[in-house]
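Asks: Below is a structure I'd like to ask you about.
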Amino acid sequence: MVASSVASPLCTWLVAACMSVSSEKDQFWKPASNFQSSKLMGRSGRRRKAITKCNSGSLMNGSVMNSSWHTCFGFEPCEEYYKSEGLSASFASLFAENAFSVFGFKQVPLNRRQRRMSSAAHSGKPVAVAAQPAMEATAKKKPLMRNRRVVVTGVGVVSPIGHDPDMFYNNLLEGISGISQIEAFDCSEFPSRIAGEIKEFSTNGWVAPKLSKRADKFMLYMLTAGKKALADGGITEDLLQELDKARCGVLIGSALGGMKVFHDGIEALQVSYKKLNPFCVPFATSNMGAAMLAIDLGWMGPSYSISTACATSNFCILSAANHIIRGETDMMLCGGSDSAIIPIGLGGFTACGALSQRNSDPTRASRPWDMDRDGFVIGEGSGVLLLEELEHAKKRKAKIYAEFLGGSFTSDAYHMIEPHPEGSGVVLCIEKALAQSGVKREDVNYINAHAASTPAGDLNEYQAILHCFGKNPELKINSTKSMTGHLLGAAGAVEAIATVKAIHTGWIHPNINLENPDNGLDMNVLVGSKKERLDIKVALSNSFGFGGHNSSILFAPYKNV
């Protein structure tokens, strides 16, 4: 009796969905909730006996099994389940009298109908009663939406060199550095005292005053950049109300989340738990920025964050695009945000031996591919892109910066902090991105590199790029981090914005501080100290992170074909 009462709602659903009970002639199952199913079970002792415990084995055989798996679980079983022996054995284990369910209870007695079906399974004969539901499930299966194209229709940025997309990119083209002495706190005892720190920032007109006082900077940067991306994309207040909000989502991540809020909480706890801010836990989590933006906009589509260290933004951008490609959404705000220029953030990266100590000359401290580099410069900020399905964008006559073609993720599976010495993970990531998007390698002529100004990372990425694109005489490579510093989880999105602005303007920004290039570097491939004109065919943007996370995403000029 205990086993029956525990398992009946789940098994009622399983039996109903996977076997004959969805037939119109059979009144045992009607579309109902688990609660309704339980009531049905309570009315008939005979039906209660018909409920079997669930087993980890498969349920049916042949093509019927394929459709039933889709109906019940949303995925296909492995090939072994399609073999008759495996199916018979699995079926036997499901209906055998001594079988155990996932709850650990013994099977209840079988009725005549179940014994007949079990016998058919042992004999290898198809269970005809399940054919009709399987056919219905197959008919309802949605095809992949591969013809849905994704375009960038808005960008928003908060960075050390500007909070307006045009100002931000003009400063990049002019080679203006945002690296300076840290002013947020006394860092005189630290060996590294410089950063891509945002000196002036206001949330006026973008974030409610109460929230501005309570939230961590990473969240405020994200909310501001997100709303700026909407404004840049022409999403007015009136248009916002007209959108199908169930088909609009937010996917913006953070590598470190609300470090300042969390740190303040720890200090308050030293006095008493009563001194803790009630918002310290939610405002410290990396998902809350995306959640708050979705709440503010009323967007009810996918709303979550991804955290893969300094590759976070690219993971979010590609995942957001996939929601649109699969037909789940029409619009997605995506990107990343981080603000870790606080004692524990600076101290933590210093302890890793990762930061530059060129304190006397901060604007020249971030120097990708230069022999005199001594580590990266920590930065802060946020970048958010508005991705949109092409026909949706055309219908509202949106401005289109570029088309998103695709991308890929891989893992070095090598070391927690250091990149793979042979760059194999990066090569694999680029190759997979090309294959996934259908882009020919000879069409890629611009790469916004991860190039963070670390001794090993810069060279490994360069060699991986040359391995994939070395025969392209038009190839040009630059690093936005030479001017912004490393914005951690926000880096990929800010650099993606730089990439689409390059496509939109036809200008690519310089590599500043590249005065003494590493041995073996081709300066015809690396952009020099001045901006260059380039007719971009396809652009690739790389981002890598601690843990061996690799990501590559591809953009191209939009063509109305």
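The values are calculated or read from the model by the stated rules, or taken from the named source; none is laboratory data. In this text, all values refer to a predicted model and were calculated from it rather than measured experimentally. So basically every Cβ, Gly included, is an ideal-geometry build from the backbone, and we count neighbours across all protein chains shown. Please note that ligands, DNA and RNA were not included when accessible areas were found on the heavy atoms of the full protein model with its side chains. Shrake-Rupley method; radii C 1.70, N 1.55, O 1.52, S 1.80 Å.
Asks: So is ASN460 farther than 26 Å from VAL384 by Cα, out of contact with any Ser or Thr (no Cβ under 8 Å at 6 or more places or on another chain) and crowded, with 21+ Cβ neighbours inside 10 Å or not?
Replies: The answer is yes for ASN460.
Asks: Please go through (1) open to solvent by 20 Å² or more (accessible area, probe 1.4 Å); (2) at pLDDT 95 or above; (3) among the small types (Gly, Ala, Ser); (4) over 14 Å from ALA493 (Cβ atoms) for SER305 and return the number of the only condition it doesn't satisfy.
Replies: Unmet condition: (4).
Asks: What number of residues within the range 436-476 are within 29 Å of ILE325 (Cα to Cα) and without any contact (Cβ under 8 Å) to a residue 12 or more places away in the chain?
Replies: 1
Asks: I need a count of the residues in the range 533-561 that are touching a strand residue (DSSP E or B) at 6+ places or on another chain (Cβ under 9 Å), open to solvent by 60 Å² or more (accessible area, probe 1.4 Å) and aliphatic (A, V, I, L, M).
Replies: 0
Asks: State the number of residues belonging to the range 281-300 that are of a type outside the set (A, V, I, L, M) and surrounded by 20 or more Cβ atoms within 10 Å (Cβ to Cβ).
Replies: Qualifying residue count, the range 281-300: 4.
Asks: Which fully enclosed strands (runs of 3 or more DSSP E) of the range 363-457 have 2 or more residues being among the hydrophobic types (A, V, I, L, M, F, W, C) and within 27 Å of HIS163 (Cβ to Cβ)?
Replies: Passing ranges, in order: 381-389, 402-411.
Asks: Are any residues in the range 342-383 of a type in the set (Val, Ile, Thr) and surrounded by fewer than 24 Cβ atoms within 10 Å (Cβ to Cβ), and if so, which ones?
Replies: ILE342, ILE344, THR350, THR363
Asks: Which of (1) surrounded by fewer than 19 Cβ atoms within 10 Å (Cβ to Cβ); (2) of a type in the set (D, E, K, R); (3) touching a residue at least 12 places away in the same chain (Cβ under 8 Å) does LYS275 not meet, given it meets every other one?
Replies: Here LYS275 clears every test but (3).
Asks: For PHE315, indicate whether it is open to solvent by 20 Å² or more (accessible area, probe 1.4 Å), more than 18 Å from GLY154 (Cα to Cα), of a type in the set (A, V, I, L, M, F, W, C) and not in a loop (DSSP other than H, G, I, E, B).
Replies: Yes.
Asks: Looking at (1) open to solvent by 20 Å² or more (accessible area, probe 1.4 Å); (2) over 23 Å from PHE201 (Cα atoms); (3) among the aromatic types (Phe, Trp, Tyr), can you tell me which one PHE262 breaks?
Replies: Here PHE262 meets the rest and fails (2).
Asks: While we're looking at this one, here's another question. Scanning the range 384-437 for residues that are at pLDDT below 95 and aromatic (Phe, Trp, Tyr), which turns out surrounded by the fewest Cβ atoms within 10 Å (Cβ to Cβ)?
Replies: The selected residue is TYR414.
Asks: Further question: As an exercise: evaluate ASN322 against (1) closer than 22 Å to ALA290 by Cβ; (2) open to solvent by 40 Å² or more (accessible area, probe 1.4 Å); (3) part of a loop (DSSP other than H, G, I, E, B) and give the number of the one condition it does not meet.
Replies: (3)
Asks: Scan the range 325-341 for residues that are open to solvent by 10 Å² or more (accessible area, probe 1.4 Å) and out of contact with any Asp or Glu (no Cβ under 8 Å at 6 or more places or on another chain) and jot them down.
Replies: The answer is ILE325, ARG326, GLY327, GLU328.
Asks: Could you list, in sequence order, all residues of the range 473-503 that are crowded, with 18+ Cβ neighbours inside 10 Å, assigned to a loop (DSSP other than H, G, I, E, B) and over 23 Å from the mean Cα position of the chain (by Cα)?
Replies: LEU475
Asks: Going through the range 504-513 one residue at a time, which ones are surrounded by 24 or more Cβ atoms within 10 Å (Cβ to Cβ) and not polar (S, T, N, Q)?
Replies: ILE508, HIS509, ILE512 - these are the residues of the range 504-513 that are surrounded by 24 or more Cβ atoms within 10 Å (Cβ to Cβ) and not polar (S, T, N, Q).
Asks: One residue is enough: does the range 515-532 have a residue meeting the conditions surrounded by 24 or more Cβ atoms within 10 Å (Cβ to Cβ), over 18 Å from ILE252 (Cα atoms) and either modelled with pLDDT of 95 or more or touching a Pro at 6+ places or on another chain (Cβ under 7 Å) (or both)?
Replies: no
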